[in-house]
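Worksheet: one structure, shown below.
The values are calculated or read from the model by the stated rules, or taken from the named source; none is laboratory data. No experiment lies behind these values; they were computed from the predicted model shown. Here the Cβ is made from the backbone with ideal geometry for all residues, glycine too, and neighbour counts use every protein chain on show.
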Amino acid sequence: MPNQRTTVSLLVLAASLAAQGRDDERNATADPLTVAWQRALEQAKTLKAPILAFVLPPADAKAPADRVKATWLREGDMGMPHAFGAEEPPVLSARELLLRHIQLLRLPEFRHGTHRVQATPSMAILALSVPVVVAAERCSAKAGETVVLLGTDGKRIEGFALDLLDENEFAEQLGTRLLDPRALAARAANVPEALVRDVAALPKRDEIFLEDHALEGRLTLSLAAAAPLLVKVGADGLEMHPDLWLLDERRHPLGTEGPLFPDMCAGCGMGFTPQAFHNVLKLIGP
């Protein structure tokens, strides 16, 4: 039976996140990316998590053909079926290319024909933060920076001039901040009791579906707050909860959306493919 303090904490968190939905309705005529940025600031404060801002190139910027081809080839190598739907790489804007790179960072490790799916260091970094795509001036990005880390107060901590197609570089550079053992321990000690119980209720084995949809929904909604309990740095390196990938996959970076394709073989599971492999992220709004 939850105690009064735990119940109050859960109600406050739920009310705060519900208020964001009402704000979205009131701001229906506002610029969608402005609303997304406002939501990022609100979530960072509510969930006590840093903001991970991906810097949007100018709307009219074109993507270099060689970078598009390299991205297209990487998508094919990773097993994304949309990548080779055509015989040649697509013509992309710089913004579209950025979204393709973000999606590659969201891919779990997956082996076709098995149930082995697990999170990657990049997914752990995304889970521990409030990811958002945003214009450079809003997140205080400097020239050449592609990612900016901001605190729970929305103030700049550090910027990174990264090649986002290089997942190892992304994980190494952002990991110095978000995967620091002391920082993780400090955040884990302050996870609300209600989320501690929810994390404890997760299956202890690999899952490709969670039968408790209410539990899945709560943890997805509050993932950045719960993630410090799902990610640890042990003697053998990074340790991630078996269901971290599933929760992270359900949450698109703010400012983006993507089609969700249902699993076509839910009965046996052998034909299952994580939805992230099918998605091509798009900016929200018109």
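What the table shows:
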quantity	calculated
Count of the range 76-102 residues which are within 23 Å of residue 131 (Cα to Cα) and touching a helix residue (DSSP H, G or I) at 6+ places or on another chain (Cβ under 7 Å)	6
Top-ranked residue of the range 246-274 - restricted to ones that are in contact with a helix residue (DSSP H, G or I) (Cβ under 6 Å, 6 or more places away or on another chain) and outside any loop (DSSP other than H, G, I, E, B), ranked as modelled with the lowest pLDDT	249
Hits in the range 218-240 (condition: of a type in the set (A, V, I, L, M), under 26 Å from residue 40 (Cβ atoms) and free of Cβ contacts under 8 Å to residues at least 40 places away in the same chain)	219, 226
Subset of the range 176-193 [in contact with a helix residue (DSSP H, G or I) (Cβ under 7 Å, 6 or more places away or on another chain) and farther than 15 Å from residue 227 by Cβ]	193
Check on residue 100, surrounded by fewer than 20 Cβ atoms within 10 Å (Cβ to Cβ), of a type outside the set (Asp, Glu) and in a helix (DSSP H, G or I)	no
Which listed residue is under 17 Å from residue 104 (Cβ atoms), hydroxyl-bearing (Ser, Thr, Tyr), assigned to a helix (DSSP H, G or I) and in contact (Cβ under 8 Å) with a residue 24 or more places away in the chain, from 71, 46	71
Boolean, residue 137 is over 19 Å from residue 165 (Cβ atoms) and in a loop (DSSP other than H, G, I, E, B)	yes
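Let's see how each residue does on (1) over 16 Å from the mean Cα position of the chain (by Cα); (2) at negative phi; (3) surrounded by 20 or more Cβ atoms within 10 Å (Cβ to Cβ):
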site	(1), (2), (3)
106	no, yes, yes
125	no, yes, yes
140	yes, no, no
149	no, yes, yes
156	yes, yes, no
161	yes, yes, no
172	yes, yes, no
175	no, yes, no
188	yes, yes, no
